[in-house]
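Colleague: Take this structure, written in structure tokens, and hold onto it; I'll ask about it next.
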DNA sequence: GCATAAATTCAGAATAACTGAAGTTAAAAT
DNA sequence: ATTTTAACTTCAGTTATTCTGAATTTATGC
């Protein structure tokens with residue numbers, strides 16, 4: 001850069017800011033008091049800019065701010081391990097987590113509001129890539145002995161969120177067999193009721209085991225019913241390794 | 001700004017950074033995870049830039065970072081009040097203070113290293129503007145009674161920094177009259193010696209009064225000797241109101 | 001699947017930035 | 001003090017960048 005170009009830029013900056021920055025009575029020109037203050041601020045600007053450049057240059061693997069969604073059961077069971085694995089293996093990535101129901105999360109991933117989500121697998125949806133994270137058997141849980149017909153006939157059925165992904169699976173298989181149904185939106189609350197003998201339920205085995213007292217009897221659903229927790233991402237996602245990068249973090253042992 | 005211009009800037013920025021910032025599968029384009037992180041950094045840059053603009057636009061009166069010098073006696077007596085006045089009446093100004101001897105401060109103001117300085121006035125120097133801040137009588141101080149001839153004959157003369165501005169004034173007037181001379185670089189140390197009767201001295205009356213115990217006898221110098229504390233600034237200084245602005249702060253009551 | 005609105009691309013125009021020569025000005029040397 | 005020297009500024013012309021408007025491609029709604 002030529003000296004004359006520097007001189008013109010100095011003059012131009014003074015004009016733009018409306019402040020005399022240089023005392024040209026000295027050679028080389030010295031900063032005025034105002035110039036010193038502006039210089040300090042300018043250095044702060046450059047520092048912020050070089051921080052920007054630093055993050056964009058030393059970028060490897062998963063990097064950036066990811067927005068992810070989790071269904072409630074996944075946010076309790078999968079999320080903590082996921083975040084620990086990310087902290088360790090993807091230090092340049094940070095996460096904004098939202099909890100919602102499967103349908104809503106599908107919409108939000110599809111619309112680009114979220115980059116990825118962990119939901120209960122349902123029928124394939126166009127534009128979404130699904131990767132199975134966990135395959136979980138559904139079991140009945142009760143404190144009272146007896147086969148399923150007896151339970152359905154004698155105890156209230158504790159039904160988890162019928163509108164949720166897992167809730168719809170449960171509804172399909174229970175059909176109209178329940179003599180009485182109580183709807184709840186909390187796995188922990190349902191299991192507390194089961195533990196006290198208030199009713200029985202059908203839930204993923206890991207969720208039952210999480211809260212069940214020793215008295216609780218688990219009965220596998222006769223039809224081999226299960227649900228898949230899947231990672232959904234947009235198929236048209238620009239960042240090619242977003243899907244595999246996040247999927248890998250779910251497979252890590254912590 | 002046209003939409004096409006925005007589009008070109010977006011593409012150009014992605015190329016410069018080497019990062020895909022936008023996911024163009026959406027309309028309008030959405031930020032990628034990396035884009036979100038870069039966006040946060042970019043906002044920090046803009047924030048720093050608007051802070052710069054703010055200081056250069058709301059500028060009134062004394063503003064900026066001023067570098068000032070004080071001779072030791074002035075840094076103790078004038079500086080605190082000056083800084084308090086500045087804090088109150090020139091909130092947009094901040095100060096970097098250096099303490100040095102008058103000659104050195106003259107050079108540093110002349111070379112532009114300092115914007116202004118408070119020194120003991122000497123012969124006028126080309127290129128420096130002088131404004132009198134304080135007119136101070138010089139007095140002899142001693143614990144022992146008797147006229148000056150007796151003091152000079154019987155007690156050591158405590159001589160403040162002979163190389164300093166005030167020191168040269170003192171040297172000129174004392175001449176060779178002292179039977180013994182002790183040189184010191186601290187007014188406080190000199191007055192401590194005077195207080196204990198170790199010797200006598202010749203100093204500005206305010207400096208004597210600052211440390212003298214009641215026993216000390218002050219004798220005005222017969223020739224009406226005095227020193228002026230003056231504010232020096234460069235005559236060719238670009239910032240026109242620097243001199244009057246600083247001078248005014250010295251006149252304020254706090 | 002088609003229509004519509006929106007983003008991108010391209011070529012030319014406008015703007016901004018830069019270079020080199022000439023003219024000033026501050027510091028150094030006589 | 002005056003002259004010399006080196007450095008900064010100004011000016012004119014060139015180069016590079018950015019912007020606009022029309023044509024094209026692309027996502028979304030019906």
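Colleague: Could you go through segment B:205-217 and let me know if any residue there is in contact with a helix residue (DSSP H, G or I) (Cβ under 7 Å, 6 or more places away or on another chain), at pLDDT 95 or above and more than 19 Å from residue B:76 (Cβ to Cβ).
Modeller: Within segment B:205-217, none of the residues are in contact with a helix residue (DSSP H, G or I) (Cβ under 7 Å, 6 or more places away or on another chain), at pLDDT 95 or above and more than 19 Å from residue B:76 (Cβ to Cβ).
Colleague: Pairs only if they're at least six apart or on different chains, beta carbon under 7 angstrom, first in segment A:50-61 and within 7 Å of chain B (Cβ to nearest Cβ), second loosely packed, with under 13 Cβ neighbours inside 10 Å and assigned to a loop (DSSP other than H, G, I, E, B); list them, first residue then second.
Modeller: Going by the 7 Å Cβ cut-off, the qualifying pairs are A:56/B:18.
Colleague: Something else about it: Looking at A:122, A:102, can you tell me which residue is outside the structural domain of residue A:200 (by TED's automatic domain parsing) and either out of contact with any strand residue (DSSP E or B) (no Cβ under 8 Å at 6 or more places or on another chain) or farther than 30 Å from residue A:241 by Cα (or both)?
Modeller: The conditions single out A:122.
Colleague: Only one of A:109, A:71 is away from DNA strand D (no atom under 16 Å from the Cβ) and touching a residue at least 40 places away in the same chain (Cβ under 8 Å). Can you tell me which?
Modeller: A:71
Colleague: Continuing with the same structure: Could you tell me whether residue B:10 is within 16 Å of DNA strand D (Cβ to nearest atom), at pLDDT below 95 and more than 10 Å from chain A (Cβ to nearest Cβ)?
Modeller: Spelling it out, it is not the case that residue B:10 is within 16 Å of DNA strand D (Cβ to nearest atom), at pLDDT below 95 and more than 10 Å from chain A (Cβ to nearest Cβ).
Colleague: If you go through segment B:22-46, how many residues are within 24 Å of residue A:58 (Cβ to Cβ), more than 7 Å from chain A (Cβ to nearest Cβ) and near DNA strand C (Cβ under 10 Å from one of its atoms)?
Modeller: So the answer is 1.
Colleague: Something else about it: Go through the residues of segment A:208-222 one by one and say whether even a single one is within 14 Å of chain B (Cβ to nearest Cβ) and touching a residue at least 12 places away in the same chain (Cβ under 8 Å).
Modeller: Scanning segment A:208-222 turns up no residue that is within 14 Å of chain B (Cβ to nearest Cβ) and touching a residue at least 12 places away in the same chain (Cβ under 8 Å).
Colleague: Now, a different point. Given (1) surrounded by fewer than 16 Cβ atoms within 10 Å (Cβ to Cβ); (2) more than 14 Å from DNA strand D (Cβ to nearest atom), identify the lone condition not met by residue A:4.
Modeller: That leaves (2) as the condition not met.
Colleague: Filter segment B:68-118 down to the residues that are within 27 Å of residue B:186 (Cβ to Cβ) and within 16 Å of DNA strand C (Cβ to nearest atom) and list them by number.
Modeller: B:106, B:107, B:108, B:109, B:113, B:114
Colleague: Checking residue B:84 against (1) touching a residue at least 60 places away in the same chain (Cβ under 8 Å); (2) surrounded by 16 or more Cβ atoms within 10 Å (Cβ to Cβ); (3) out of contact with any helix residue (DSSP H, G or I) (no Cβ under 8 Å at 6 or more places or on another chain), only one condition comes out false. Which one?
Modeller: Tallying (1) touching a residue at least 60 places away in the same chain (Cβ under 8 Å); (2) surrounded by 16 or more Cβ atoms within 10 Å (Cβ to Cβ); (3) out of contact with any helix residue (DSSP H, G or I) (no Cβ under 8 Å at 6 or more places or on another chain), residue B:84 fails exactly one: (2).
Colleague: Can you tell me how many residues in segment B:176-207 are assigned to a helix (DSSP H, G or I) and in contact (Cβ under 8 Å) with a residue 40 or more places away in the chain?
Modeller: 7
Colleague: Somewhere in segment A:4-20, is a residue in contact with a strand residue (DSSP E or B) (Cβ under 8 Å, 6 or more places away or on another chain), without any contact (Cβ under 8 Å) to a residue 24 or more places away in the chain, within 16 Å of DNA strand C (Cβ to nearest atom) and not assigned by TED's automatic domain parsing to the domain that holds residue A:108?
Modeller: yes
Colleague: If you scan segment A:76-91, which residues turn out to be under 19 Å from residue A:135 (Cβ atoms) and touching a strand residue (DSSP E or B) at 6+ places or on another chain (Cβ under 9 Å)?
Modeller: A:76, A:77, A:78, A:79, A:82
Colleague: Pull up segment A:231-254, narrow it to residues that are at pLDDT 90 or above and not in a helix (DSSP H, G or I), then point me to the one that is nearest to the other protein chains (Cβ to nearest Cβ).
Modeller: This residue is A:234.
The values are calculated or read from the model by the stated rules, or taken from the named source; none is laboratory data. Only a predicted model underlies this, so the values are computations on that prediction, with no experimental measurement involved. Note: ideal-geometry Cβ built from the backbone for every residue, glycine included; neighbour counts use all protein chains shown.
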